[in-house]
Amino acid sequence: MHSSTHDTQSNPSNPSKHSKRIRNAILAGSAVVGMLAVSACSAASTTNAGGSDDKVTLAQPSWAGAQANIAVAKKLLEDELGVEVDVRQMNETAAFTAMDGGQADAVLEDWHGNPKQLKTFVEKKKSVVSAGELGVKGHIGWYVPKYYADKHPDITNWKNLNKYADDFKTSESKGKGQFIGADPEYSQHDTGIIKNLDLDFTHVPSGSESAQQEEIERLYKAKKPFLTYWWTPQVLQNELELVEVELPKYTKGCNVPVEKADCGYPHVDLEKFMNADFAKNGGDAAEFIKNFKWSNEDQDAVVNYMTQDKMKPEAAAEKWIKENKDVWEAWLPKK
């Protein structure tokens, strides 16, 4: 949930350079992801978590930025270090459970959207440990198209949303304005925001990243108003001009529980996590994952290869690796 941000794209005041993780047709559907998550948690006998460095199991969330991380890490681990890599798609919650139980060694992109998981497995059980920052800066927010904000400049503050709610009505929004919600598995507290800020909007889930993106693109092409959950980094914001709506400032705990959330989203330094035993005993593979750190621009380049150029993840990773040896060489363990 799921997103990455390029340092140049993390500034919400520059909507044309926003970017965030894409739930694209490249990625498996949410039902498949769910099944894979379940199978991952029941497949301990097929993994090698927590001990050897000749095989690594990586948890892959369902957005394109996460897929880009994995594609590049997998190719380098296999080609440069001779490590066999098993990739298992699962959401962030399932990833922590899998790392705790030894069914996954690492997840390369976490948005800190599951505070209960962090508290349970990182702080209390200490079965999962931080592997350092990914280097990508992420931000979730509410967005409207720039063409609408140009006509109604005050829409960019949440206090004025009700003034324009009628413009966002749809057949699904039950007489209120429609808020286009994210994949249910993504980090979010929009229902709480709508309720506790008394907004005249109805949260309408999109179901998946690809469905949400298709709807945004359809409405944008028709120059219709829309209000949506979105994030940076995500390459869609390189193509469409979206403007962020200012929500009450995020403070720690303001979104817990979701039912009482009354604030926006933080800017997050996306983080990697590892099974604690693997972090100690995983050898070169564990060291490589700890060293793996790239920028929003790097991640978006791979995502663009996959989504815009229609390259398979393996080919996209290979292209980036050929062009950026100066970046990834620093990730390799020192001999």
Mind checking which pairs have a first residue in the stretch 140-156 that is over 20 Å from residue 200 (Cα atoms) and a second that is of a type in the set (A, V, I, L, M, F, W, C) and modelled with pLDDT of 95 or more, Cβ under 6 Å, 6 or more apart or different chains?
146/243
Spot the failing condition for residue 138; the list is (1) within 17 Å of the chain's Cα centre (by Cα); (2) over 30 Å from residue 271 (Cβ atoms); (3) not aliphatic (A, V, I, L, M), and only one is missed.
(2)
Given (1) buried (at least 18 other Cβ atoms within 10 Å of the Cβ); (2) under 16 Å from the mean Cα position of the chain (by Cα), index of the condition residue 276 fails
(2)
Every listed condition ((1) over 27 Å from residue 235 (Cβ atoms); (2) in contact with a Ser or Thr (Cβ under 8 Å, 6 or more places away or on another chain)) holds for residue 163 save (2)
Across the stretch 135-144, what is the total count of residues that are in contact with a Lys or Arg (Cβ under 8 Å, 6 or more places away or on another chain) and surrounded by fewer than 24 Cβ atoms within 10 Å (Cβ to Cβ)?
1
Sort through 319, 310, 280, 290 and tell me the only one that's farther than 26 Å from residue 112 by Cβ, in a helix (DSSP H, G or I) and in the same structural domain as residue 83 (by TED's automatic domain parsing).
319
Buried (at least 19 other Cβ atoms within 10 Å of the Cβ), outside any helix (DSSP H, G or I) and within 22 Å of the chain's Cα centre (by Cα): does that describe residue 268?
yes
Hey, which of the helices (runs of 4 or more DSSP H) in the stretch 19-115, taking only ones fully inside, have at least 1 residues that are at pLDDT 90 or above?
64-81, 92-101
Please identify the pairs in which a residue from the stretch 275-293 that is farther than 19 Å from residue 71 by Cβ has its Cβ atom under 7 Å from the Cβ atom of a residue that is modelled with pLDDT under 95 and in a helix (DSSP H, G or I), counting only partners at least 6 apart or on another chain.
none
Would you check if residue 168 is assigned by TED's automatic domain parsing to the domain that holds residue 257 and out of contact with any His (no Cβ under 6 Å at 6 or more places or on another chain)?
yes
Return the only residue of 122, 107 being among the hydrophobic types (A, V, I, L, M, F, W, C) and surrounded by fewer than 23 Cβ atoms within 10 Å (Cβ to Cβ).
122
Criterion violated by residue 304 - all others in (1) surrounded by fewer than 22 Cβ atoms within 10 Å (Cβ to Cβ); (2) of a type outside the set (D, E, K, R); (3) in the same structural domain as residue 116 (by TED's automatic domain parsing); (4) outside any helix (DSSP H, G or I) satisfied:
(4)
Across the stretch 255-285, what is the total count of residues that are closer than 24 Å to residue 139 by Cβ, at pLDDT 95 or above and of a type in the set (A, V, I, L, M, F, W, C)?
4
Tell me whether the stretch 147-156 contains one or more residues that are under 20 Å from the mean Cα position of the chain (by Cα) and part of a helix (DSSP H, G or I).
no
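The values are calculated or read from the model by the stated rules, or taken from the named source; none is laboratory data. This structure is a prediction, so every number in the text was calculated from the model and none was measured. Here Cβ is always computed from backbone atoms with ideal geometry, including for glycine, and neighbour counts include all displayed protein chains.
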